[in-house]
Amino acid sequence: MALADVETPALLVDRALLDGNIAILAAYLQRHAPGLRLRPHAKTHKSPDLARRQVAAGAVGVCCQTVGEVEAMAAAGIADVLLSNQVADAGKAARLAMLAGSARIGACVDHPLQVALLEEAAQEAGTRLHVLVEVDVGGGRCGVATPETAAALAGMVAESPGLVFAGLQAYHGRAQHLRGFDERQAAIEEASRRAEAAAERIRARGLACDTITGAGTGSFAFEAGSGVYTELQCGSYVFMDADYALNQPDPQRAVPGFAHALTLLTTVISTPVPGRLVCDAGLKSMSLDSGPPSLALHPGLAYAGPSDEHSTLDAPPDCTLQPGDRLQLIPGHCDPTVAMHDWLVVHADGVVTELWPVARGW
């Protein structure tokens with residue numbers, strides 16, 4: 001069908017821009033960090049179709065943030081899936097262990113109770129789980145605080161028959177949205193130092209620590225050049241939301257930029273007075289946790305505010321938009337926006353080419 005006939009609000013993916021983003025990152029790593037693995041974060045898109053596209057372009061697998069996402073990716077044939085998160089109940093541990101019979105399934109720990117839960121589940125299922133110790137490298141969320149704790153936990157994993165010690169999870173989430181290029185670089189230098197200290201303490205116990213995984217769209221160039229990280233978990237690069245676009249770029253332009261491949265198609269439903277437009281995409285269609293959507297594709301318009309099913313826009317006096325006209329908004333935060341939709345509408349040259357289901361998982 002023609003893109004103009006798609007009912008709104010609808011989440012659009014520009015196929016050419018998406019494939020371009022995937023190719024840009026793959027080419028950068030091949031040129032600057034050959035041998036470094038890419039494990040894109042599927043929490044961004046929640047799409048097995050897109051994950052398969054990333055694997056075909058060289059990714060070793062994907063990472064996910066919920067057990068449901070892991071199940072969706074494994075069911076779609078993604079053979080290597082990491083839960084870059086902790087589980088703290090037996091039910092979720094059992095679900096992961098069951099999946100490990102048909103795919104390489106990993107999970108993170110930062111407490112002995114999590115190790116015990118995963119070991120019991122793996123023993124019950126007759127499978128083996130690949131377990132990474134998460135280190136807090138500056139994000140202030142999950143992760144052990146000291147190299148000594150990391151080493152002790154790694155030893156506990158290695159001594160568990162149903163588990164394989166697989167390395168370190170070292171993701172600095174806060175660094176992704178530090179606006180200044182230099183401050184992001186400084187944050188990742190500190191993260192690399194903490195990750196390396198934990199890895200050295202683990203190796204001193206006689207354990208291999210061959211995987212140190214982390215990084216994101218805002219910082220991947222620093223991890224790639226650190227000499228510490230072996231695997232990158234960039235996610236939002238495939239879509240590139242409005243929030244990431246606020247980050248200061250590399251002043252030397254050696255780090256590539258990415259295109260806005262994801263937009264929210266919305267219809268103008270009301271022009272009640274001059275200077276005001278109302279469209280049919282509101283809080284139930286897009287997340288505003290990282291700020292309002294960008295109207296960069298529609299110069300002259302400004303975002304005034306949302307309600308459940310509406311967004312109000314300020315328009316110049318000479319605006320000619322009328323009810324029925326279409327707009328494309330660039331979401332402020334792509335990950336939670338995708339989670340509000342059932343489909344990604346893939347398009348090229350004004351025509352819908354594919355519909356990719358959003359596999360939220362539970």
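The values are calculated or read from the model by the stated rules, or taken from the named source; none is laboratory data. None of these values were measured; they are calculated from a predicted model. Cβ placement follows ideal geometry from the backbone for every residue including glycine, while neighbour counts extend to all protein chains displayed.
Below are the figures for this structure:
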| quantity | calculated |
| --- | --- |
| Subset of segment 133-187 that is of a type in the set (D, E, K, R) and under 26 Å from the mean Cα position of the chain (by Cα) - its residue that is farthest from residue 198 (Cα to Cα) | 179 |
| Unmet criterion (only one of (1) touching a Leu at 6+ places or on another chain (Cβ under 8 Å); (2) within 30 Å of residue 226 (Cα to Cα)) for residue 67 | (2) |
| Test: residue in segment 157-168 that is part of a helix (DSSP H, G or I) and either at positive phi or not β-branched (Val, Ile, Thr) (or both) | yes |
| Answer from 201, 184, 179 - the residue that is on the phi < 0 side of the Ramachandran plot, among the charged types (D, E, K, R) and touching a Pro at 6+ places or on another chain (Cβ under 7 Å) | 201 |
| Residue satisfying all of: in segment 186-198; out of contact with any strand residue (DSSP E or B) (no Cβ under 6 Å at 6 or more places or on another chain) and buried (at least 24 other Cβ atoms within 10 Å of the Cβ); nearest to residue 153 (Cα to Cα) among these | 191 |
| Subset of segment 238-287 that is under 23 Å from residue 44 (Cα atoms) and of a type in the set (Val, Ile, Thr) - its residue that is surrounded by the fewest Cβ atoms within 10 Å (Cβ to Cβ) | 255 |
| Scan of segment 291-339 for residues that are surrounded by fewer than 18 Cβ atoms within 10 Å (Cβ to Cβ) and in a helix (DSSP H, G or I), ordered by number | 336 |
| Those strands (runs of 3 or more DSSP E) lying entirely in segment 38-145 with at least 2 residues modelled with pLDDT of 95 or more and farther than 27 Å from residue 184 by Cβ | 80-83, 104-109, 129-134 |
| The listed residue being touching a residue at least 24 places away in the same chain (Cβ under 8 Å), out of contact with any helix residue (DSSP H, G or I) (no Cβ under 9 Å at 6 or more places or on another chain) and surrounded by 15 or more Cβ atoms within 10 Å (Cβ to Cβ), out of 15, 53 | 15 |
